[in-house]
1. Suppose only helical runs count, i.e. DSSP H with n ≥ 4. What mean residue ellipticity at 222 nm does that imply for chain B under -39500 (n - 2.57) per run, divided by all residues and rounded to the nearest 500 deg cm²/dmol?
2. Size of the dipole of the protein assembly as shown about the Cα centre, Lys and Arg at +1 and Asp and Glu at -1 on the beta carbon, nothing else charged, in debye to 20?
3. Other chains' Cβ within 10 Å of B:191-199 residues: what's the mean?
4. In nm, to one decimal, how far is the residue A:417 label point from the residue A:307 one, both placed 7 Å along Cα→Cβ?
5. Beyond a 19 Å Cα-Cα separation, which of these cross-linked pairs lie in this structure: A:14/A:256; A:340/A:372; A:458/A:495; A:345/A:401?
6. Would you mind getting me the FRET efficiency between residue A:26 and residue A:314? Use the beta-carbon distance for r and R0 = 30 Å, nearest 0.05.
7. Provide a whole-number value for the mean count of partner chain Cβ atoms within 10 Å of the Cβ atoms in peptide B:247-259.
8. Taking residue A:347 as the anchor, which aspartates and glutamates have their alpha carbon closer than 20 Å to its alpha carbon, excluding any fewer than eight residues away along the same chain?
Amino acid sequence: MPEEKIDFKKARMKAGIEIHQQLDSKQKLFCGCSTAMQEKEPVAVVVRKQHPVASELGAIDAAAQYEYLRGRSFHYHVFRDETCLVDTDEEPPHALNREALQIALEIAMLLNCEIPAEINVMRKTITDGSNTGAFQRTMIIGTGGWMKFGGKKVPITQVALEEDSAAIVREGENGNGGKDPAEENGKATYRLNRLGVPLVEITTGTLEDFSPGQLQEIAFMIGITCRSTEKVKHGIGTIRQDLNVSVRGGERVEVKGVQELGMLAKVIEKEAARQLELLKTGKKVEKETRATLLDGSTRFMRPMPGAARMYPETDVPPVALDDVWLKQLREKLPEPWTDKLERFKTKLELPADLAVQVVGSDYLDIFENIMKKHPKVNAVVVANVFTSTLKDIGRRKLDVKRLEDRHFFAIFSELEKKRIVKEAIPDLLVNFVNAPDEAMGDALRKLNLTMLKPDELKEIVAQLAKDSPGMAKERLYGIAMGRVRGRADPQDVLKAVERAAKK
Amino acid sequence: MYSPEIEALLKKKGVEAGGRVRVTAGKAEYEGILMPRVVAGDAQSIVLKLENGYNLSVRYGKGFEMKKLAGGARIKHKAADVAPAKDASKPTVTVLGCGGTIASRVDYTTGAVFPAFSPGDMLASFPELKEVANIRGRKLFDLFSDDMTPAHWQAIAAEVAKEIKAKADGIILMHGTDTMHYTAAAMSFMLPNLPVPVVMVGSQRSSDRGSSDNAMNLTCGAVAAVSDVAEVGVCMHGTTNDDYCLLHQGTKVRKLHTSRRDAFRSINVRPFAKIWYEDRRMEVLRDDYKRRGHAGRFALDDKMNPRVGFVYNHPGMDPAYVASLANHFDGIVVAATGLGHVSTNPKGDPLARSIVPALKALVDSGMPVVFVPQTIYGRINLNVYEAGRILEAAGVIGNGCDWTPEAALVKLMWVLGHTKDPKKVRELMLTNVAGELTERTGTETFMT
Ligand SMILES: [Zn+2]
């Protein structure tokens, strides 16, 4: 498909975003298992079949489903500390995990949702084997919310708390060669350690008049709103996005499984382009569900399923929400990171992309603490240390995890007192990786990074000028910088050079 | 039930459960189907099933408004009436519903789950059944298995006898799992010389879910029901996998786990058979069972005396409590520790309180006192320790017996239904009637 510029506005592109964010509670949603998902070797495999449950579905549908499921078997990997009888569908669910409920409520509140009077746990029928019970437990935590974005209010239709599904074992793992479950003689293999890990599902309303790039930003903002609670998981696979995309004259298409946020705009763009191309050539856009491929394009997965088939989870009574507790949660709600982002841009004068990087980094906490303790330090310098200098050092095969908060505080304290220049920071960090217990003074002396006094600097530059009379200013500056790098502010060096040249 | 205020509002608006409504509460507005209020939960909130399938509770209070909308759903079960075609080449199996829900129909519009029992429902839920047998069936009663009484056992046994007379080739009893092993023991005593298999099945996972163990248990149960094992059996999952069921002997089976699929285990014996789900193959594990078409004469023998009590012995048991049992029962079963012990205090410890005098008084008054092992596995042996010898001398019944507590309890009810003569009771209790007592225990029978 030619990569031409699409006028998304003219195409009346509409999109909805659904974000699935795993919560970092200690235990799973309905059992006492760890949510760490760290075990690699299964201790057992449980093999199960599933069969259709009679419903209002037509008899033909039911018979087809019966034949389909009859030919399939599900192999579930059991992990010692991350799988229990609840996960293997051998024990009723325990009580709803209050920690997870609290995190989900905080997220719903941060997204300005209405909180229901009580929590009704539902069973959502799932037939692909990714849930041992053939259903996923899910519940509404909030409705009718919104999030500010570029002066507009993005509607948040619903926040739900649910159990994550079991992860399918794919290529490279001891499984079915990465094919779709149905392709391997009807055998699908799943790992049960992800099953039951709490996640919030955040659904936006239908979004119009946003570019794919803006939609990606909205998804990012929702993601960092979740992270405001500091109790959500992060890393690969802990946040997943689904989309629905339509253009004028077409149908709504569901796109599943955008694993990387950075891909979202591309996926929307490619999907809208695919739909427009179909319409242009007189074909129809089918109402269907598509899966995301690595390059951001999509492939047909299945026809769009009908409405979710849900019925109450009778093993978990409705959970009353205590008004006092809700009030306390509201009062103690953390500052949404979306506000933080705004504050970084306006108060700390960070450029937008740097602000986003800081908020998305693992060093957000210490960044803020440093700015609090050393307000006179230039925020851009601090932000750069955490978003790029540390990465550079890491690339040199040095273990930046050996750096502790005290090292950063000491360095930025020196910087604030103008006892070092910012150019000295990389060398100091490397030094503390190698010698974490060295005193700052010793390090500065050893590395020759103690800042020169104005007189000393003047002296050095004057001597250089004297040694090479008539040298061009630029060249003199270069030589001087080479001599004093890390010990003097380049601005001061420049001034000294100007002064020496005048003589 | 909703709170009186909400009920009044619903009445005023003419809204019933299943009706579509729009509800406003403050800024929020919701549309959905009004759900009936479940027992648990906040009576001051109405529950709506939203368009997207979720149930949502909305607090009734200031700013609450409700508008009746057109449409809605009727929360009512309609049986699937697929007339099952009869295949003359296949045997006929009767399915009798004794409570417990083995098949369900879910109405996703309202989220309501209905038990489904008609043969049409069953065949709609378990199409594989018709590959095994022609199925006919009816529901005897609708109750939790914990509500079963000896009177229910008698009713079931009578229905089984009726079906045998009506030439069923096998009978399946659908039953809640909690007391399934009691009913299995009762059927074993009440239905001597069965000409055809009587197979009990249930499900440990509710039948409204696609992962329920119901389909496999019922299918394997049907295979057992058309087999030549003319005994009372319990057919349930053999492992946590959906690989095979075990067909357990009715007097030797026990539920040993609150929730697992493979909760039912044979105690002190091998199961009759393994039945593989995939190919419906029956792998017989014993040869000491009655074959279909044996020479014995079948006759219903359902006399029972339900006045039998069950006592679980424990350290510090109060002798006065034991003595008081005389006021309630015609016979008692004591779950004794170890090889069959209770406090006998032969060494005269000042703190210990022997219950032997209390037990002996019961025995002397003509009341049978039957000992069973609270270890579940193993055999009572009152010859090894002094405590045992004291109890044997006191006249308790059970030395050498490897019965399960439940089989012994049911047997005592059945024996007391036939005789009150202490000597005859003792003799009958110690005689193997329905496989409840064995003379040897194989080494392979523990925790398998
Ligand atoms: Zn678990």
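The values are calculated or read from the model by the stated rules, or taken from the named source; none is laboratory data. Everything quoted here is computed from the prediction, not taken from an experiment. Here the Cβ is made from the backbone with ideal geometry for all residues, glycine too, and neighbour counts use every protein chain on show. When the accessible area is computed, the model is the full protein with side chains, heavy atoms only, and any ligands, DNA or RNA have been set aside. Shrake-Rupley method; radii C 1.70, N 1.55, O 1.52, S 1.80 Å.
1. So the calculated ellipticity at 222 nm is -6500 deg cm²/dmol.
2. On the way: 133 positive and 124 negative charges, 356 e Å.
With Lys and Arg at +1 and Asp and Glu at -1, about 1700 debye.
3. Numbers: counts 0, 0, 0, 0, 0, 0, 0, 0, 0.
Other-chain Cβ atoms within 10 Å of each residue's Cβ, averaged: 0.
4. It works out to 6.9 nm between the two label points.
5. On the way: A:14/A:256 16 Å; A:340/A:372 14 Å; A:458/A:495 9 Å; A:345/A:401 28 Å.
Long pairs (Cα-Cα over 19 Å): A:345/A:401.
6. Numbers: r = 27 Å, r/R0 = 0.89.
After rounding, the FRET efficiency stands at 0.65.
7. Details: counts 0, 0, 0, 0, 0, 0, 0, 0, 0, 0, 3, 3, 6.
Per residue, the number of nearby Cβ atoms from other chains is 1 on average.
8. A:335, A:339, A:365, A:368, A:416
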